Structures are given as C-alpha cells and as structure tokens.
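Notes for the one structure printed next.
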Amino acid sequence: GKQSQPAASSSTAAPRSTASTIESQIDGKFEGWMGKTIVKLTNGQIWQQTEYHYHYHYAYMPKVLIYRSGAGYKMKVDGIDQSVGITQIK
C-alpha cells in the first residue's frame, strides 16, 4: 500500500522572526534592570521584568531580543550579556 507522507516543512528557510522570538527596540531610554523594570518597545508591546536581576546600563533605544524560555520569556538587551526573565503586560 502507498503511505501518504506528511509535507516536510524545511526548517532551513525559517523566517527570521518566529512566533517564539521577537526582535524590537526599546522606545526611548533604558537604564538597566532594577528589579521590576517596565520596558516599552517600539512595536507597542510592554514587558515587565519578573526575574530578580540588578544591572545598571544606560542606552538610548537599544535593540532587544525576546525569546521563549521554558514556560516564560527572557529579554536580551543589546549591550547586556545577561538575559532577564520578563512577562508581557500589554
């Protein structure tokens, strides 16, 4: 008998921005992670820091990368090595 094979989705041509990864910029100045920092992005989203992490870093409109990590999300801000746990509030 003939077996119907599911269409293979090529993972090599994955789009740069997948649902689990968001690339944006902070809308305005960023002064680092202060424990419960709220971050507004140029795409209209607002995220709040959930993981305790303190790191002063001043930047104006730095790029950010948000990606899924376990059950939540982490944000990597351009210029800061450490990714920090966040949650979307808007």
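The values are calculated or read from the model by the stated rules, or taken from the named source; none is laboratory data. Everything numeric here is computed off the predicted structure, so don't read it as measured data. Every residue, glycine among them, receives a Cβ derived from its backbone with ideal geometry; neighbour counts consider all protein chains shown. We work out accessible area using only protein heavy atoms, side chains counted, and drop any ligands, DNA or RNA first. Shrake-Rupley method; radii C 1.70, N 1.55, O 1.52, S 1.80 Å.
Observations on the structure shown:
- Subset of the stretch 66-78 [closer than 17 Å to Glu31 by Cα and open to solvent by 60 Å² or more (accessible area, probe 1.4 Å)]: Lys76, Asp78
- Going through (1) modelled with pLDDT under 95; (2) over 16 Å from the mean Cα position of the chain (by Cα); (3) open to solvent by less than 100 Å² (accessible area, probe 1.4 Å) one by one, Thr18 falls short only on (2).
- Of all the listed residues (Lys36, Lys29), the sole one being farther than 14 Å from Asp78 by Cα, modelled with pLDDT of 95 or more and open to solvent by 60 Å² or more (accessible area, probe 1.4 Å) is Lys36.
- Selection count, the stretch 49-65, where residues are closer than 15 Å to Ser24 by Cβ, open to solvent by 20 Å² or more (accessible area, probe 1.4 Å) and assigned to a strand (DSSP E or B): 3
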